[in-house]
Amino acid sequence: HLPVANKQGHPIRSYKVLTNMVSMALKQVSFTACSASHSRVAPSARGSQTFAVRPVVAGSQRHVRRSATLKFAPGKTASDFYGQTANFQTRNVCKKASVSGTITCSTADAKTVAVTGASGFVGSALVKHLSQQGYKVKVLARSASSRYSMPYTGVEIVQFRDWERAICGCSAVVNLAGEPISTRWTPGIKREIMDSRLRVTDRLAAAINACSEETRPAVFVSASALGFYGASETGSFDETSGPGNDYLAKVCIGWEKSAKAAQTSRTVILRLGIVLAKEGGALAKMLPIFQLGAGGPLGTGNQWFSWVHMDDVIGLIMEALTSTSMEGVYNATAPKPVRMNAMCKALGNAVARPSWLPVPEFALQAILGEGASVVLEGQQVLPKRTMESGYKHKYATIDQAVRAILK
């Protein structure tokens, strides 16, 4: 109801003027942030499709990045936005109508993750999991002619030229892009192995840094590899160990340096071990041979095989996205690495076939050239910092993992 007189008792001559005044007042909104339990920064939100309307509660105040004193909506936790027990440390843009005293919190992009390498072995599994968990996924395609077929809800394919536009407003970015290394290394292939990782990661960091404070993703999760440590049959490495000096170590050093250029609230680098799953990777290549009874170790069999189950890779990525305490480098490996001989024995037992027929080194070198070092050399890598973070591996032993994959 509009008043017909002002405070001095004089009649208001024009309802149009008064209506305009009320309209202007309603348009004056202030940025506020929804409370999230255990979160230093509220979840990211952008757009206006979904709103949570809550009354303002006096006395519940906090500061969030360049904002003035902020009031929080009661009863909102991180799980309201993410379906996770932990928090996504990302920004949220909410609006408080200065007249009505209500808070409107947009969650349109609060669960949006941009992913590179989405058509790859790990990337495709991640996109599937994110979709199943109710996230919106922006698949960042590297080729302008890329056409993905992903039968999942909430997935948007973004061409290379549109990456900057797509990244701003996302909650997080996950970088899994890179050319496969299990191939014959020609000089051209070696350049592409290096350039494909650095080029994409540099582009992502620049795109993230170009976003405004309100739309910049708060979390950047970027893959690296155990090749960072170099190869060794006798040494043991964890996240505090220095880098090696071979070709793959140099690739990983440059890869991680590019990732650290992103100016996000948190950057998490996951050094991936040998990922095991039935759908691809090393196990998928070895399985048919073992099922025929012709399987055996590659080379001497004494090289270390620092492995990780695909479920734990996805679990660690999700932990990196949602846990505000995770930042820096973590080894994405199982807590109990094994020698190649033990890996082959576990696989042979799982398929009830012998595993006695080795593949000699010269045969692999003839096929893969310098690239044979990927399978003939290894390193014993322990996930020390990963375990200290509180992450609980679903599969800790190789026998357990192989049986679960083949059941």
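Amide H contacts for residue 268 (H built 1.01 Å from N in the peptide plane; partners 5 or more residues away or on another chain; cut-off under 5 Å): 220, 221, 222, 328. Karplus-derived 3J(HN,Hα) values for segment 202-213, using 6.51 cos²θ - 1.76 cosθ + 1.60 with θ = phi - 60°, are 4, 5, 5, 4, 5, 5, 4, 5, 7, 6, 5, 4 Hz; glycine and proline are entered as x.
Rolling a 1.4 Å probe over the heavy atoms of the protein chains gives segment 110-406 an accessible area of 41 Å² per residue. Taking the square roots of five times each eigenvalue of the Cα gyration tensor of segment 272-318, the equivalent ellipsoid has semi-axes of 23, 14, 6 Å, listed largest first.
What does DSSP give for segment 110-406 in terms of the percent of beta bridges that are antiparallel, rounded to the nearest 5? So the antiparallel bridges amount to about 10 percent of the total.
From the Kirkwood radius over Cα pairs of segment 181-311, Stokes-Einstein at 4 °C and 1.567 mPa s returns a whole-number translational diffusion coefficient of 76 µm²/s. Pairwise inverse Cα distances across segment 166-232, averaged and inverted, put the Kirkwood hydrodynamic radius at 13.6 Å. Over segment 256-387, the reciprocal of the mean inverse Cα-Cα separation, the Kirkwood hydrodynamic radius, stands at 16.3 Å. Residue ranges 169-177, 386-394, 371-379, 291-299 sort as 169-177, 371-379, 291-299, 386-394 when ordered by packing (mean number of other C-beta atoms within 10 Å per residue, highest first). Its Cα gyration tensor gives segment 128-208 an equivalent ellipsoid; the semi-axes, largest first and in whole Å, are 25, 16, 12. Converting phi to 3J(HN,Hα) with the Karplus coefficients 6.51, -1.76 and 1.60 and the offset θ = phi - 60°, segment 117-122 yields x, 6, 8, x, 4, 7 Hz in sequence order, with x at every glycine or proline.
Backbone amide hydrogens, once placed in the peptide plane, bring residue 276 within less than 5 Å of 308, 309, 310, excluding anything fewer than 5 places away on its chain. Electrostatic tally near residue 267: other residues with Cβ closer than 10 Å to its Cβ, Lys and Arg +1, Asp and Glu -1, net 0.
Distances between every pair of Cα atoms in segment 110-406, grouped in 10 Å steps from 0 to the bin holding the largest one, split as 6, 28, 36, 23, 7, 1 percent. Note on segment 118-270: Rg/Rh from C-alpha atoms, Kirkwood Rh, equals 0.98.
When the P(r) of segment 314-407 is calculated, the portion above 21 Å amounts to 51% of the C-alpha pairs. Peptides 328-336, 252-260 ranked from most to least packed give 328-336, 252-260, packing being the mean of other C-beta atoms within 10 angstrom over each peptide's residues. Counting Lys and Arg as +1 and Asp and Glu as -1 over every other residue whose Cβ lies under 13 Å from the Cβ of residue 256, the net charge comes to +3.
Near residue 244, the amide H atoms lying under 5 Å from its own belong to 229, 230; only residues 5 or more places off or on other chains count, and H is placed 1.01 Å from N. When a 1.4 Å probe is rolled over the protein heavy atoms, the share of accessible surface on segment 110-406 that falls to carbon and sulfur comes to 54 percent.
The values are calculated or read from the model by the stated rules, or taken from the named source; none is laboratory data. Since the structure is predicted, the reported quantities are computational estimates derived from the model, not experimental observations. Every residue, glycine among them, receives a Cβ derived from its backbone with ideal geometry; neighbour counts consider all protein chains shown. We work out accessible area using only protein heavy atoms, side chains counted, and drop any ligands, DNA or RNA first. Shrake-Rupley method; radii C 1.70, N 1.55, O 1.52, S 1.80 Å.
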